[in-house]
Structures are given as C-alpha cells and as structure tokens.
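Each value in this text was obtained by applying a stated rule to the coordinates, not by laboratory testing. Not measured: the values here are computed from a predicted model. Methodologically, a virtual Cβ is constructed for each residue, glycine included, from the backbone with ideal geometry; neighbour enumeration extends over all protein chains shown.
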Amino acid sequence: MSAAALIAASGIVGCSTEEKPSEPAKESSVAADKPSKPAEEPSSAPPAPVLSVGQSGTYTAVDSADETLTTKMQVTVKGVKYVDPAGVGTSTKAKGQYAVLTLTVKNVGSKEGSFSSYGIMKWQDASTAAQNASTLETTGEGQELDTTYAPGQSATGDIVLDVARKGGSVNYGFADPLFTVTMPK
C-alpha cells in the first residue's frame, strides 16, 4: 500500500498543472481511503439526537481522558424553564437569561459511563455563535447529574444554564455535539 500511496502522491504533485492526470490520482487516493477505518467511522456514527421537552435520545459517552468511546447513554429532556436569579437561589445576575434544564440521564450500555455538563454545554441560535452556557448555579432540586453511571443506573436533576436569550439550542459535547436540546422561546 505504501508504494501505491507514494505513486499516487507523486502523480498528484508531478501533474498538478494537468487536469486529466490529477483527477484519476485523486479518485485513486479516495478509493484507497474508503477501506480504512477513519473514513468509515464518521459515516457509521449515528447523528447526534436533537431533542425537545418530553423526548429521549441516546449517544455514546466519551472518556475525556483519552477520548475513547465508552458506553451508550440515554438522555431525556424533562423540562426547560427560564428563571430570574432568585429562581436559582442567587443574587448573581445572568449575562443573558438563566435557563433550568431538567434531564434524566441513564446508562443503557454495558460499561460505566460518565456525564459531566460543566464547561461543555454550548448555547447558540441563528444570529449568535456557540457560547459556553455552563454555570455553577444549582436549583437544589433533584439528583446530581454530573457523575459516573454503572449500567442501568440513572438520575434526574437540573442543570442551570446562562443563555443569551430564550430560544436557540444547547449542545452537549466538546467539538461535536453528542446531543442537542431545542430550547423553547
């Protein structure tokens, strides 16, 4: 394979001014990439679920230490409400609008899996790029969601977010969202 890749690369570099020879070389390199594992992974990964209140979806948890996939997790959006600072027991004014997102997180896989919302909840809408919406505020109600779940374990609790305004969506994940919640207006 390395000899074929070297020949294909030489053909691309050596024939960069000629259109016809470079096109077969590109097709050859694409064809050679198709059987490789990295080319198959993105197409085989299910799209991140987009959820509204009352809906559930599953995603594969990612180990933040080494970014390996660990187990299947299910998230159910139980509710979303917009509150003032008193609604989350604080006098700290939000940068935008406090939103309380009530979720049930459940490990539906066969290995331990973690859920950690702080620092990876991003809010965005059509006119505003993704912004970190995480806060350290709590409602004091429900269970703690940010923990490690054994297979079959679940918890229901609140996440307090600081979003620019009502509406938009909240993504959970680092670079690519693992799930998205459509926020009501």
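Per-structure values
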{"item": "Sequence ranges 156-165, 91-100, ranked by mean other-Cβ count within 10 angstrom, highest first", "result": "156-165, 91-100"}
{"item": "Loop sites in the stretch 89-177: GluC sites (Glu not before Pro), DSSP, at most 12 other Cβ within 10 Å", "result": "E141, E144"}
{"item": "Computed magnitude of the charge dipole of the stretch 48-182 (debye, nearest 20; Cβ of K, R +1, Cβ of D, E -1)", "result": "420 debye"}
{"item": "Inter-label distance, nm, simple model (7 Å from Cα along the C-beta direction), Y118/D84", "result": "2.8 nm"}
{"item": "Net charge of neighbours whose Cβ lies under 15 Å from the Cβ of G89, counting Lys and Arg as +1 and Asp and Glu as -1", "result": "-3"}
{"item": "Summed residue charge, Cβ within 11 Å of S56's Cβ, Lys/Arg positive, Asp/Glu negative", "result": "+2"}
